[in-house]
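Enquirer: What follows is a structure written as structure tokens; I'll ask about it next.
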Amino acid sequence: MSSEASMLEKFDEKIRKEIKIEPRDWMPDKYRKTLIRQISQHAHSEIVGMLPEGVWITRAPSMRRKVALLAKVQDEAGHGLYLYSAAETLGTTRGEMIDDLHTGKAKYSSIFNYPAITWADIGAIGWLVDGAAIMNQVMLCRTSYGPYARAMVRICKEESFHQRQGYEIMLTLAKGSEEQKAMAQDALNRWWWPSLMMFGPPDAESKHTAQSMAWKIKRKTNDELRQQFVNATVPQAKLIDLTIPDPDLVWNEERNSYDFGEIDWEEFWNVVKGNGPCNKERLEARQNAAKNGEWVRDAAIAFAEKQSQRKSNKEQVA
Amino acid sequence: MSEKKDWPLWEIFIRSRAGLNHKHVGSLHAADEDMAIENARDVYTRRNEGISIWVVESKHIKASNPEDEDSLFEPADNKIYRHPTFYNLPDEIKHM
Ligand SMILES: [Fe+2]
Ligand SMILES: [Fe+2]
């Protein structure tokens, strides 16, 4: 048996050499815990993220929009499942993770605690929320834990349509009637700042960033990703003649980046703590889904057990 | 969480095209093997990623121990004569 010190040395060397860590490899306890927390939180976000958009499927303005939104929301369910199964390779169970979500112990991305009140919000969510998620997920394709990285590669392949369908909705509204353009602008106004908050607190105040960077779980910091998102998104807004709701937004030649205004972190923490417009509604929706589906899950297990019993009885007779 | 147990976990293998091996793509929960195949279709092949699916209940997979990696694979490590480059042939022989 190797001692813990030599195992740690081997682990550190793998991280240094960019060799992925796999489920059965030895890993520091904190690395495992950090991953379980992060991956399950990510999975919960995909699942809860289906709620604000899901209510618009039956109200989409055309068949084309409807099939696209339906496919997108279905993809998010798939993303949740890829991620739950990646987390399960670390020794947690689906039941534990779901329980942690339902009791409020586990978090999900705060962005989904905002409501989608008009059709333009579906455009803004695809463009901005999926856009911000993509920035983060592209970075995570290079994360040090193998199953997480592989889930991310799969997810990233599917995400680009999500952002494109959202941007197309915004583009169409922005080119439409006065009212339609105003609706698009209003959605941008409401979703812009929460989207910037999606990257998490500033580096200086982020308690997990340093260790996660050292373990190569994260490959870029919150502030780096946020800046990357602003730089990519501002020209997209200009192109469809919408205005980013930030009077301090200005191109900085020296930094080759946009400077942008102060984020209202008080609002962010308030929503994280459960006081956003939809926290209660989202959690209740998930709790009810679990409760109302329980008899179906139990019946399926009972049916499977009966089938396998019948099969083995038959085999005995034959 | 339900009083009864979680649905078992299944490992999913997909053949992406005729002529290729089935390859491990991830796992999922299902009550039985038929449901595992149906769920695998919905979760892992929404964009024509496969033409054939294998499902194996995870508990039936026996994996080698990564700590044994050195001793397990060492026998293949020191047998360079298993590789074609070990043999010296005259330059005139271009392909063999
Ligand atoms: Fe997603
Ligand atoms: Fe998405």
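Enquirer: From the P(r) of segment A:1-108, can you give the percent of Cα pairs sitting at distances over 17 Å?
Expert: The proportion of pairs with Cα distances above 17 Å equals 63 percent.
Enquirer: With the other protein chains left in place, how much accessible area per residue, in square angstrom, belongs to segment B:1-57 at a 1.4 angstrom probe? Let's see the in-between values first.
Expert: Details: 3430 Å² over 57 residues.
Spelled out: the 1.4 Å probe surface of segment B:1-57, per residue, equals 60 Å².
Enquirer: For segment A:275-287, take each phi angle, set θ = phi - 60°, evaluate the Karplus expression 6.51 cos²θ - 1.76 cosθ + 1.60, and give the result in whole Hz per residue in order, putting x for glycine and proline.
Expert: 9, x, x, 10, 3, 5, 4, 5, 5, 5, 4, 5, 4
Enquirer: How large is the accessible surface of residue B:33 in square angstrom, using a 1.4 angstrom probe and rounding to the nearest 10?
Expert: 90
Enquirer: Rank these by accessible area, largest first, 1.4 Å probe: A:218, A:238.
Expert: Numbers: A:218 35, A:238 130 Å².
Reading off the accessible areas and sorting them downward yields A:238, A:218.
Enquirer: Tell me, how many Å apart are the Cα centres for segment B:18-33 and for segment A:21-49?
Expert: 22
Enquirer: Quick one: which bits of segment A:273-307 get at least 20 Å² less accessible when the partner protein chains are in, versus the chain alone, with a 1.4 Å probe?
Expert: For segment A:273-307, once contacts with the other chains are taken into account, A:294, A:297, A:298, A:300, A:301, A:304, A:305 lose 20 Å² or more.
Enquirer: Taking H placed 1.01 Å from N in the peptide plane, check which residues at least 5 places from residue B:52 or on another chain put their amide H under 5 Å from its amide H.
Expert: B:15
Enquirer: Same structure, new question: Starting at the first residue of segment A:181-190, write each ³J(HN,Hα) from the Karplus equation 6.51 cos²θ - 1.76 cosθ + 1.60 with θ = phi - 60°, in whole Hz, x for Gly and Pro.
Expert: The phi angles translate into 5, 5, 5, 5, 5, 4, 5, 4, 4, 7 Hz.
Enquirer: Next question. Distance check, please: which entries in A:216/A:273; A:207/A:238; A:311/B:62; A:157/A:216; A:17/A:105; A:107/A:238 exceed 32 angstrom between their Cα atoms?
Expert: In this structure, A:207/A:238; A:17/A:105; A:107/A:238 lie more than 32 Å apart at Cα.
Enquirer: If I model a spin label as a point 7 Å beyond the Cα along the Cα-Cβ vector, how far apart are those points for residue B:57 and residue A:264 in nm?
Expert: 5.4
Enquirer: Can you give the translational diffusion coefficient of chain A in µm²/s, computed by Stokes-Einstein from the Kirkwood radius over Cα pairs at 4 °C and 1.567 mPa s?
Expert: 60
Enquirer: Note the direction-averaged projected area, equal to a quarter of the hull surface, for the Cα convex hull of chain B, in nm².
Expert: Computed as one quarter of the Cα hull surface, the answer is 11.2 nm².
Enquirer: Counting heavy atoms of the protein chains only and a 1.4 Å probe, report the per residue accessible area for chain A as a whole number of Å².
Expert: About 50 Å² of surface per residue is accessible.
Enquirer: For segment A:130-143, just list the computed ³J(HN,Hα) in residue order, Karplus coefficients 6.51, -1.76 and 1.60, θ = phi - 60°, integers in Hz, with x standing in for Gly and Pro.
Expert: Along segment A:130-143, the couplings run 5, x, 5, 4, 4, 3, 5, 6, 4, 4, 6, 4, 9, 5 Hz.
Enquirer: List the accessible area buried at the contact between B and A, summed over both sides and calculated with a 1.4 Å probe, in Å² to the nearest 100.
Expert: 2300
Enquirer: Ignoring ligands, DNA and RNA, what percent of the 1.4 Å accessible area of the protein assembly as shown is carbon and sulfur?
Expert: Numbers: 12720 of 23380 Å².
Using a 1.4 Å probe with all protein chains present, the protein assembly as shown comes out at 54 percent carbon and sulfur.
Enquirer: Go through segment A:69-117 and flag every residue whose accessible area shrinks by 20 Å² or more with all protein chains in place compared to the isolated chain (probe 1.4 Å).
Expert: Those are A:74, A:75, A:81, A:82, A:85, A:88, A:94, A:95, A:99, which lose 20 Å² or more relative to the chain on its own.
The values are calculated or read from the model by the stated rules, or taken from the named source; none is laboratory data. This one's a predicted model, so the numbers in the text were calculated from it and none came from an experiment. Cβ atoms come from the backbone with ideal geometry, glycine included; neighbour counts cover every protein chain shown. These accessible areas exclude ligands, DNA and RNA; they are computed on the full protein's heavy atoms, side chains included. Shrake-Rupley method; radii C 1.70, N 1.55, O 1.52, S 1.80 Å.
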